[in-house]
Structures are given as C-alpha cells and as structure tokens.
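Participant: Take a look at this one; I'll ask things after.
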Ligand code: 9G3
C-alpha cells in the first residue's frame, strides 16, 4: 500500500478525551474515529489489526472443533422472556420495536438465540458435542463507555457456545476452549494470564477470565508467583487465618470518639492499627431484615461473596436512615454489641481477633477490648473479604501479589441454566430426554487490539507485535530525488514479491513527519531510503520495538526483512 493513497488520518496532538494510551494512540494513528459515545468506526489501519486478530481466533476455534455461524444482531424479546432476562436487565439492554410493534433487543450476547437454534435442530446425543461460534457486533448500553475500544457500547465479540451430553464431556470441551484461548493470546503476542473468575450474573458453575496484564486494566487480580494460581479479586478465596489462642480477655471499655467516622480517623485518634478495628456493615437483606457483616478494619468487604453466601440476587447496604433507626447512631459508629434483631455474620479474620474496637451504637462512641461470644453472638462465619497482596496463596501458602488486568476473554461453564429454561434437550441412547450441558466463551476483539497497545507502546507511539501489526514493514523515502523514487519502488516491489505486507510512505512530506508517523503507527520495521544511503549502498533498517538499526546493501534488504518477519511470527506461535 502507498501511504499517499491510504486513508490514514494521523493526528499530531493528543486528543483531549483519551485517558489511556490505547485510546489516545488508536485515534492519533488514524485507526478509529468516534461516531458517538462508545461507538467507533474502524478505519483501514485499525481494521487490518482487527481482521488479523479475528483470523487467529477463527483458526484456533476451528482447530478446537468449533463451527462458525453468524447470528442476527436483533434478538426477539420472546426468547429473552423465556429465560427471564428481558425483565432482569435494565437500560444496558437496548430494546426496540419493529414496524409491526414487535419487541426486539440489540444483542449484547447470544445465549438465548443459539439455544433456540439448538432446541429446534438437535434432538439426539449422536449430534453432540456441538460447539458453535460467531464473530459479530454486540451492543451493551454501558452507562459510562470510556477508554475507546476498551469499554465501548458497540463492539466486536467472538462468542462461542458448547452443547454436551454430560458433565464429563462438557468439562472436556471447556478445557479445549481454555487451551484454544491460551493459543490465541500467545499467537497475538500478548502477555496474558488466565484467572479464576466469579460466574457473576449469568450464574454458571465455573469460569476463567483471560487477563492482559496492564496498569490501566479495570480488573484487579491476585496471583501466586509460586504456582499457577491466579484469581479475580471478586472471586479469590481467602484462606482463614489460624484461630487465636484464647488468652486473658480485657474488660470492655467505652471510649469517646467524637467525629471519628472512618477507620483512619479512629486509628489516628486512638493511636491503634487498623487490624485492631472491626467494621460493622449493615445490609438490607429482606423486607425488614437487616444483616450485619463484620470485616477487619484493614480489609475490604467483598459484596459478591456476601451476596453468594446469603443467596441473594443483589445486595444493598442499609440506608443511613435505617442505620440510625436500628442503632440510634450514624454511619461510622455502628457496632455489633447490643444490636437487637440483627443477624451478625463475621469474616473469618475476626476469629483470630481479641480485644478489638467497634462502634458503640451511639454518636461519638466506640467500644474497646470487645470480644466475640462474650460481648455479642456471631450467627455465621464466612469468607466475606476481598483478597489482597500478602494474603497466603490458597495453593502454595506464599504471599499473593496483585496486578491490574484487562479482561479480553471469558470462558464459562453454564451447566443447564439456559437449556433447562428453554427446553434444549436431547435423547440419549435409551431414548431418555436430558437438557444439554452448555458452556459459553467470549473474546473481545477490539479490546484485544487495545490491550496489545497498552502492553506495547512508548512515548512515540505503538510498537505492534508482528502477528497483529497492520503492516509488517514501512518504507520511508526521505529525499524527493529520482534515485530515491526508483530505489524505493524497486524495494517496495521486491518486498511484495516476498509476500511482505509493506506500507510505502511516498508522501511529499519532510523526513521528520514520516519518522514521526512511522513511530506512531508502530509498524515493526522501518526502512529509510534516501540519496545518501543509496549512494553508499548502505540502507538503514530500524526495529520499531528495540530501536536497533542495521545497515545493508539495497539488494539484501528484502531477504533480511523476510527472515526477520518470519522469525517474529514464529516466536509468537
Ligand atoms: C445482557 C446485557 C449485558 C450482559 C449480558 C446480558 C454480560 C450478559 C455475560 C455474558 C456471558 C457470556 C457469551 C460470550 C461470553 C460471555 N453482559 N453478560 O449475559 F443482556 Cl445488556 O455475556 N456470553
């Protein structure tokens, strides 16, 4: 491709609204343009990257035995009503009516549609296992779309759905998909990590997220450097601490703590460590049922774990009014002692505490030397807190570390959640009818491209991993002489004959502009053609990622580039 004929509208300045590197650089490199909040056009350069990622995904899905199809973006409401998700989802699910006033939604995912296809077309165990996938546009009306393709409202997803006759076969299929994902992300050149994830709202029985490690990632993961254990903090299990040796308990003490509403204030006022303080969180767990959850002062509550323990669909903190009514104290002075008709749950870490500090259920009052059992009753113990760095790994016991990640893939065991509700059954060898055991598997295509930039950029622009680079090499002519034109054209054609994807920057621009654009666009190899290099028959090739330069006679450049590109593609496989 010739730059002078390409639609690559690069930008000099940083666009104001971009908060992360990938968003900023995709705009500046002329890869995407915003049409509306969270809705982007993929320009030619951006689409070349998207298509390369899709090709890798497609090859690995096919290799794993999945079959590609293409489902409609519009889903009839009736299917979503069968699974109860029409009512369950709020404004994130965009709904519309056709000319006959029939209700549809813009598909945010396709469990209902694919399960309906299955139940109409599959009836025998002989047709299983069956894994279907598509690469298609999804729409989720995110309340705050941001970071460009990282969290868009309209985005391209590969979503796959598996149907098996039993758990063992489903587990086998899950593993094949998991392995295919590892190959996909390795081939794109991304540093990634599969982590155990919470099944979240769709309620499967297990799931893994594929995280691309990046400081701008929205997900927080804990990982064990000694083992393969890694988990989203939403899901990470926390090992209960050794129970304390029951020593002499000090007598309960009231202490005046005016305005000490937060753990920090309290610690500053009483000169104690946060580990000595216990927070009392009050949740509205029923019409007029309040549940208190005790969490150590330096820990964070994990509401997904609390919600799962209580078997609730969602979990709401008690309003300040209710807190005042129940405890006669404002938030910040709530405690477990003297709480009437409130069920008290405690995180396991509380079991190792004695003589700790809690709110006194009066404004400006805290209690010291409080001890469970003696001073109040705990109705239930559990793992209710967020895992954090330093916690012992559930696998090796060594201290966990934290990292931020971008979720680019997610694999779920779904069980029969959809097949039961939609009657997606098959007949076994004895003619018995069973609901199919399902799994679902997603990859964010645009998010994968964005993550690759988050992991591979510097202050000048993008440094594409070869397998997903929009072009493999870029020729920059830096003088406008006839010799340079002839030499660059000759090299351009030689590279094309070597099947190298090459961008010839033949624009009538100063060398500096071309260098800046080449560094911004991030093609892996830049080849400088100018009068001096031609006269000395010493052509400079620059490696965009390392900055290393080699000088070669013109007639050796194409071979060198071909070998270098092949080598870079090889290492990623
Ligand atoms: C909705 C809306 C948003 C959603 C969903 C449904 C996320 C929804 C979870 C999944 C699970 C898997 C197949 C590919 C892999 C992920 N956001 N999820 O179900 F109606 Cl508005 O999408 N689906």
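Participant: Over region 471-572, what is the percentage of antiparallel beta bridges among all DSSP beta bridges, to the nearest 5?
Facilitator: 45 percent
Participant: Right, something else. Give, in whole angstrom and from largest to smallest, the semi-axes √(5λ) of the equivalent ellipsoid of region 253-382, with λ running over the eigenvalues of the Cα gyration tensor.
Facilitator: Here the semi-axes work out to 22, 16, 13 Å.
Participant: If I stretch the segment between residue 322 and residue 256 completely, what's the gain in nm (0.36 nm per residue apart, minus their alpha carbon distance), one decimal?
Facilitator: 21.4 nm
Participant: A further question follows. With no solvent and one equal point scatterer placed on each C-alpha of region 471-572, evaluate the Debye formula and give log10 I(q)/I(0) for q = 0.17 Å⁻¹, two decimals.
Facilitator: Relative scattering, expressed as log10 I(q)/I(0), comes to -0.69.
Participant: Normalise the Cα radius of gyration of the chain by 2.2 N^0.38 Å (N = residues in it) and let me know the number.
Facilitator: Normalised Rg, Cα atoms only: 1.19.
Participant: How high is the relative contact order of the chain, in percent, with contacts defined as C-alpha pairs under 8 Å that are six or more residues apart?
Facilitator: Relative contact order for the chain comes out at 17 percent.
Participant: Continuing with the same structure: Can you give the log10 of the normalised intensity I(q)/I(0) at q = 0.21, 0.28, 0.30 Å⁻¹, computed with Debye over equal Cα scatterers of region 518-573?
Facilitator: -0.82, -1.17, -1.23
Participant: Mind ranking 399-407, 226-234 by how tightly packed they are, going by the mean number of other C-beta atoms within 10 angstrom, highest first?
Facilitator: Most protected by this proxy first, the peptides run 399-407, 226-234.
Participant: Rounded to two decimals, what is Rg over Rh for region 300-362 when you use alpha-carbon atoms and the Kirkwood radius?
Facilitator: 0.97
Participant: Jot down the radius of gyration and Dmax of region 122-213, Cα atoms only, both in angstrom.
Facilitator: That works out to 15.6, 46 Å for Rg and Dmax.
Participant: Can you list the residues of region 399-417 with backbone N under 18 Å from a point 7 Å past the Cα of residue 218, pointing along Cα to Cβ?
Facilitator: 403-411
Participant: Once label points are set 7 Å from the Cα along Cα→Cβ at both residue 543 and residue 340, what is their separation, rounded to one decimal in nm?
Facilitator: Result for the modelled spin labels: 7.6 nm.
Participant: Please give the calculated 222 nm ellipticity per residue for the chain, where each DSSP H segment of at least 4 residues contributes -39500 (n - 2.57) and the sum is spread over every residue; nearest 500 deg cm²/dmol?
Facilitator: My calculation for the chain gives -8500 deg cm²/dmol from helical runs alone.
Participant: What's the whole-number percent of alpha carbon pairs in region 11-167 lying beyond 19 angstrom?
Facilitator: 64 percent
Each value in this text was obtained by applying a stated rule to the coordinates, not by laboratory testing. As the structure is a prediction and not an experimental result, all values here were calculated from the model. For neighbour counting, all protein chains shown are included, and Cβ atoms are generated from backbone atoms with ideal geometry for every residue, glycine included.
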